[in-house]
Amino acid sequence: MKMPLSWLKKQAPFRASVEEMTDALIRLGHEVEGVERPRHAVRGVRVGRILAKRPHPNADRLSLLEIDVGAEAPLSIVCGARNMDVGDKVPVATVGTELPGGLKIKKGKIRGEASHGMCCSEAELGLAEHADGLMILPPDAPVGMEVGEWLELEEAVLELSITPNRGDCMSARGLARDLAADMDVPLAAAVAPAIAVDAQTRAPGLAVDAGADCPCYLARRIEGVRLGAAPAWMRRGLRDAGMRAVNGIVDVLNYTMLFLGQPMHAFDADKLSGALQVRYARKGERFVALDGRELTLTDEDLVIADERKVVALAGIIGSMDSAVDERTTNLVLESAYFAPARISRARRHHGLVTEASMRFERGVDPAMVEVAMAQASRTILDLFGGRASELARHGDAHAINAGRTIHCRLSAIEARLGVALDSRADAVLRRMGFHLRRDGDRLEVEVPPFRHDVALPEDMAEEYARIIGFDRVPERLPTLLPGAQAGLDDAVHAAVAQGAVQVISYAFIAPEEQRHFVRDSAGDLLLSNPISDAMRVMRRSLWPGLLRVARHNLNRQANGVHLVEQGRIYERREELSERPMLAWLMAGEAVQDQWYAKARMVDFFDIKGQVDGWLSARRLSARWQADDDSMGLQPGQAARIVLGKRCVGRAGKVAREVAQSYGLDLPVYVAELDLSALPPAKRPRFTPLPEFPAVQRDLVFLCGREVRAEELLRVVMRAGGRLLQEARVFDVYQGQGIPEGKVSIGVRILLRDAARTLTQEECDRLCDTVVAAVAEQCDGALR
């Protein structure tokens, strides 16, 4: 935001230097990014009067001018412009002057004729982007006077970055209020000028049905306006503030907004049909904005409408259909207060950023709603004539944010800042509009309505810090009370140690992504104010975020990805449920081409190995049970991860159609563990090396194809008792010699007794027990 220094001085009689004012603004929390000095930029350019003009003897398009600039003798200047004549007064850059574009004026010869300066256009002085000829000054411009002084160019223009919480400071008045309070300078009163009301001009009809989203709305009709360009001083002020001139009416409203912080809008009254309505849009209503974009509105958009159409998106932008143009003679002016959250949602949804929206969504000063209406009305009547109606009014601006009180302890604020607070800081806050009452250590603060950002005792600590200066806060570490040391959550670090790359994704996803891995939508948590449609619900799985990261990397020529994320998922059950999860994703090459081996693509056992390895580091062992009904995973390559009797996670290959929806055409494998469902990690326990040899036996069973390997191993382990230390599948066969509907599964068992060597008979008996158990419980026969 750009702020001319003279505008601040119109609000309060500042006598401080530009440097002192910028230092104060920075201390008060308003970052000054730069200072422009328009008057200094044209120093050396003087008012000159053309005494004589004759053609250049060696160039048809050049003229030789004799110009009086108040020096001892006139200057001879060669000029290529054609719009000047004898007696005209023009800006003359004398020798040694450096113009805003970097051009330094030197004495020289042009086509054989000496030239002792340069006559300037508005563009060459930095006062306009383009110019067709010299800038012709008024006849009363004093010869020899610095042009910058004559034009009353700004001494300085401050370029500021206003923080999002300080919407009240996006105006000359708001900034001047902070500065005046800090420098103990009286602030000019904001008084609404009197408006002569024409009894024959009817106030516009008004109907407001917007609840708390529009607690105050004012409208006034002005008839018989003779629209023209805004005066030069206003256009120059808008340019200095970084805005372009549009037309007289729009320029007046923008000028008022920059001074008082209250955005306004003007409708062409003859383009309206009936009364103005402030209401919510009907879903699907269309609206062509002033920038030419056609918007499709939602039922959450607040709009201004007449009886036939929408004429403005409230607080953001007007419509082409009701815009003021050169043919406008009758106006309806609008000044209102709109709820910041409502404007912010609409602005983000439609991707619109305007000067009005930036102020409304940060919060404007309610007291300026009526003052700005009166000021703009007075200026329009003075400049362009017309007859003004009474105000059509809804609500009371003075009731907005009124009566907000904060109770806090001075000792707590002083402890937070590390400095004692004296009465001088209180005096500054009172000049800023706060009402303070001290009672011993207790402090009661009535917050001014324009300070939407102050609601907590911590906010008051920040206000005191701004006043005394953050550089006065002592640089020392706070005293920490002793307490139990928080345990280190190393879940994701153990996964990274296994070779995964940690990622962090947004907790907000699109509803369509949610349905990839979660069937029901009843448990979804919808955001009331989403950043975008693609981030409307809280995630119930980490996999969508991992898939987006995988797509991003694979699209950039990564041969493979091995990702892990630790984060939370969110569900609505009887109450809000928030669970910590650990999720993996693997896709592409597991092993790259080497001289000794070919590349190998990731498969199910890679992701299973990651999960088993992570659990093994915690001395936990899980069972993997087939799960053909897991949402978003391919049947036959999906499993539940079970610890004890509890399912703690799932894993598998992402269904082809789901992977393709993310633009992934290669196999993708994922896994996740619910960290809140896991038992505590077991402590390592020393196990002595065995003294006696183990006995290994291979048992091959003929089972039905419906028998799961996990189920078969469980039966074998239970039947083997304490002597059976290990059982694993070493072979699976279906083919010649195997009956239809059957499968051959080879199980290798390891038998050992820690106290002695097992005999042949003992091993045979144990194997017979295992075979009998498999036959009974799995209907499997020994081959």
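The values are calculated or read from the model by the stated rules, or taken from the named source; none is laboratory data. Owing to the predicted nature of the structure, the values given are computational and were not obtained by experimental measurement. FYI the Cβ positions are ideal-geometry reconstructions off the backbone, even for glycines, and counts take in every protein chain you see. Only protein heavy atoms, including side chains, enter the accessible area calculation; ligands, DNA and RNA are left aside. Shrake-Rupley method; radii C 1.70, N 1.55, O 1.52, S 1.80 Å.
Brief remarks follow.
- Across all directions, the average projected area of the convex hull around the alpha carbons of region 628-783 is 13.1 nm².
- P(r) tail for region 167-261: Cα pairs beyond 20 Å make up 59% of the total.
- Taking all protein chains into account, the per residue accessible area for region 445-593 stands at 56 Å² (1.4 Å probe).
- Among the lysines of region 1-137, pairs that are 8 or more positions apart or on different chains and have alpha carbons within less than 26 Å of each other number 10.
- Prolate/oblate/rounded call for region 77-203, Cα gyration tensor, a/c under 1.5 rounded: prolate
- Just so you know, the averaged projected area of the alpha carbon convex hull for the chain sits at 55.1 nm².
- Scattering curve values for region 587-631, log₁₀ I(q)/I(0), Debye with Cα scatterers, q = 0.24, 0.25 Å⁻¹: -0.90, -0.92
- Scattering curve values for region 195-317, log₁₀ I(q)/I(0), Debye with Cα scatterers, q = 0.10, 0.20 Å⁻¹: -0.38, -1.29
- For region 1-115, radius of gyration divided by Kirkwood radius, i.e. Rg to Rh on alpha-carbons: 1.17
- Tensor-based shape of region 54-97 (alpha-carbon gyration tensor, a/c under 1.5 rounded, otherwise prolate or oblate): prolate
- Of the solvent-accessible surface of the chain, computed with a 1.4 Å probe over protein heavy atoms with every protein chain present, carbon and sulfur atoms account for 49 percent.
- Taking every C-alpha pair closer than 8 Å and separated by at least 6 residues, the mean separation divided by the residue count of the chain gives a relative contact order of 8 percent.
- Packing-based ranking of 309-319, 504-514 yields 309-319, 504-514, ordered from highest to lowest mean Cβ neighbour count within 10 Å.
- Taking the charge dipole of region 306-424 about its Cα centre, with +1 at Lys and Arg Cβ atoms and -1 at Asp and Glu Cβ atoms, the residue from VAL369, VAL419, ALA312 reaching farthest to the positive side is VAL419.
- Cα centroid separation, region 398-456 to region 192-234: 37 Å.
- Coil-residue GluC sites (Glu not before Pro) of region 324-419, DSSP, other Cβ within 10 Å capped at 13: GLU326
- Per residue, region 212-340 exposes 37 Å² of solvent-accessible protein surface, assessed with a 1.4 angstrom probe and all protein chains in place.
- When the charge dipole of the chain is built from unit charges on Cβ atoms (+1 for Lys and Arg, -1 for Asp and Glu) and taken about the Cα centre, the candidate among GLY649, LEU675, VAL732 whose Cα reaches farthest toward its positive end is VAL732.
- Theoretical ellipticity at 222 nm over the chain - DSSP helices of four or more residues, -39500 (n - 2.57) apiece, nearest 500: -7500 deg cm²/dmol
- Note on region 480-627: Rg/Rh from Cα positions, Kirkwood definition for Rh, rounded to two decimals, is 1.03.
- Here the extension length gained between HIS493 and ALA188 equals 103.7 nm, from 0.36 nm per residue of separation less the Cα-Cα distance.
- Percent of beta bridges antiparallel (DSSP, the chain, rounded to nearest 5): 95 percent
- Taken about its Cα centre, the chain carries a charge dipole of roughly 980 debye when the Cβ of each Lys and Arg holds +1 and the Cβ of each Asp and Glu holds -1.
- Using the Cβ-Cβ distance between VAL732 and MET631 with R0 set to 22 Å, the FRET efficiency works out to roughly 0.20.
- Per residue, in Å², the accessible surface of region 48-165 once ligands and nucleic acids are set aside, probe 1.4 Å: 53 Å²
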